[in-house]
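Engineer: Questions regarding the structure given below will be posed in turn.
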Amino acid sequence: MTTKHVRGRVYLVGAGPGAPDLITLRAAEVLKRADIVFHDALVHSEVLALASCADRIAVGKRCGRFATAQQFINKRLVDAARKHQVVVRLKGGDPMLFGRAQEEIAALRAAGVEYEIVPGVTAALAASAELGVSLTQRGVARSVAFVTARVGAGERASAWADAALQADTAVIYMGVGQAQEIASTLIARGMGPDMPVAIVENASLPSARCVTLCLAELPLAAAHGFTGPALIMVGAALAVLPDVFPATVSLGAAAA
Ligand code: SAH
């Protein structure tokens, strides 16, 4: 493919976990220069407002809702780079974690389009801050796994449970809808039913909500009606949450 018509550069930018002041200075600078921004559904309006000169186009996916096919997004990025100098693909959290960045990078490379990655604060770190719990607490946890059980059509199964069992702290992305299966898999594979679990929704936003429970109770997560993005965090490090563990039932605990 000829590259002579390509004039712009595509920036894959992390928008952070939600709070608009948790984007990086570099991300803010790129957004200010942007001619066009393709953004995920959950990006905060104040972050989008930084791209005041840009066309802003929502292309994100939310489970079960409207989704733009990935190949179509790839094509739009390449086409945009032929027309504009500064093209931004703005993704929640960090663009390289569970964000299909590699498919976009491959498409850009194949088309000879220059690209640059601007990292962001991933949801796991915002949730750790929300809880006030270190994921690598000294003497308790020395490893962290970021996992998801969710796979796309035709992809190989996720070995999420192996990773979650091996790490001291597991952070499960996109898992709340599969809470029952996650709990039964981990327990069947030998994790203790009393293992501390925290579910953190909307980390970094004023609407943040935390529910603490133990692994055996995780299937009850659905009763809490999570509607925002949420993470399941599993591991002994979470036992420091006050007045919760080793209590067996703590549903309804919602830290602000
Ligand atoms: N690239 C993103 C993750 C995209 S996958 C990142 O680095 O954070 C989307 C999943 O991330 C959601 O289903 C949820 O599990 C998690 N997530 C995103 N934002 C979140 C938030 N503010 N609070 C809790 N979980 C969040």
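Engineer: Please determine, by comparing only the residues of the range 146-155 that are of a type in the set (Gly, Ala, Ser) and more than 21 Å from Leu125 (Cα to Cα), which one is farthest from the ligand (Cβ to nearest atom). Break it down into steps so the answer makes sense when it comes.
Structural biologist: Quick first cut of the range 146-155, residues of a type in the set (Gly, Ala, Ser) only: 149, 152-154.
Okay, now just the ones that are also more than 21 Å from Leu125 (Cα to Cα), so 152-154.
Details: Gly152: 13, Ala153: 17, Gly154: 19 Å.
Selected residue: Gly154.
Engineer: Collect the residues in the range 161-182 that are of a type in the set (Gly, Ala, Ser) and either away from the ligand (no atom under 16 Å from the Cβ) or not in a helix (DSSP H, G or I) (or both), keeping them in residue-number order.
Structural biologist: Of everything in the range 161-182, those that are of a type in the set (Gly, Ala, Ser) and either away from the ligand (no atom under 16 Å from the Cβ) or not in a helix (DSSP H, G or I) (or both) turn out to be Ala161, Ala167, Ala170, Gly175.
Engineer: Do you know which residues across the range 199-225 are more than 12 Å from Val176 (Cβ to Cβ) and not in a loop (DSSP other than H, G, I, E, B)?
Structural biologist: Cys210, Thr212, Leu213, Cys214, Leu215, Ala216, Glu217 - these are the residues of the range 199-225 that are more than 12 Å from Val176 (Cβ to Cβ) and not in a loop (DSSP other than H, G, I, E, B).
Engineer: Let me ask you something else. Among (1) more than 14 Å from the ligand (Cβ to nearest atom); (2) assigned to a strand (DSSP E or B), which single condition is Asp194 missing?
Structural biologist: With respect to (1) more than 14 Å from the ligand (Cβ to nearest atom); (2) assigned to a strand (DSSP E or B), Asp194 is out only on (2).
Engineer: Looking at this structure, is Ala127 touching a Cys at 6+ places or on another chain (Cβ under 9 Å) and within 25 Å of Val144 (Cβ to Cβ)?
Structural biologist: Numbers: touching a Cys at 6+ places or on another chain (Cβ under 9 Å): yes; within 25 Å of Val144 (Cβ to Cβ): yes.
So Ala127 passes the test.
Engineer: From the list Leu108, Leu48, Leu77, Leu31, pick out the single residue that is more than 14 Å from the ligand (Cβ to nearest atom), in contact with a His (Cβ under 7 Å, 6 or more places away or on another chain), assigned to a helix (DSSP H, G or I) and at pLDDT 95 or above.
Structural biologist: Details: Leu108 fails: in contact with a His (Cβ under 7 Å, 6 or more places away or on another chain); Leu77 fails: in contact with a His (Cβ under 7 Å, 6 or more places away or on another chain); Leu31 fails: in contact with a His (Cβ under 7 Å, 6 or more places away or on another chain).
The conditions single out Leu48.
Engineer: Another question, if that's okay. Confirm whether Ser158 is surrounded by fewer than 21 Cβ atoms within 10 Å (Cβ to Cβ), among the hydroxyl-bearing types (Ser, Thr, Tyr), part of a loop (DSSP other than H, G, I, E, B) and within 14 Å of the ligand (Cβ to nearest atom).
Structural biologist: Working: surrounded by fewer than 21 Cβ atoms within 10 Å (Cβ to Cβ): yes; among the hydroxyl-bearing types (Ser, Thr, Tyr): yes; part of a loop (DSSP other than H, G, I, E, B): yes; within 14 Å of the ligand (Cβ to nearest atom): yes.
So Ser158 passes the test.
Engineer: Right, another one. Within the range 226-256, track down each residue that is modelled with pLDDT of 90 or more, within 16 Å of the ligand (Cβ to nearest atom) and either surrounded by fewer than 20 Cβ atoms within 10 Å (Cβ to Cβ) or not in a strand (DSSP E or B) (or both).
Structural biologist: Scanning the range 226-256 gives Phe226, Thr227, Gly228, Pro229, Leu238.
Engineer: Let me ask something else. Suppose the filter is touching a Ser or Thr at 6+ places or on another chain (Cβ under 8 Å), part of a helix (DSSP H, G or I) and within 27 Å of Val13 (Cβ to Cβ); does Ser128 pass it?
Structural biologist: Criteria met by Ser128.
Engineer: Does Ala126 satisfy the condition of being within 16 Å of the ligand (Cβ to nearest atom), over 20 Å from Ala19 (Cα atoms) and surrounded by 21 or more Cβ atoms within 10 Å (Cβ to Cβ)? Break it down stepwise before answering.
Structural biologist: Numbers: within 16 Å of the ligand (Cβ to nearest atom): yes; over 20 Å from Ala19 (Cα atoms): no; surrounded by 21 or more Cβ atoms within 10 Å (Cβ to Cβ): yes.
Criteria not met by Ala126.
The values are calculated or read from the model by the stated rules, or taken from the named source; none is laboratory data. Only a predicted model underlies this, so the values are computations on that prediction, with no experimental measurement involved. Reconstructed Cβ throughout: ideal geometry from the backbone, glycine too, with neighbour counts over all protein chains shown.
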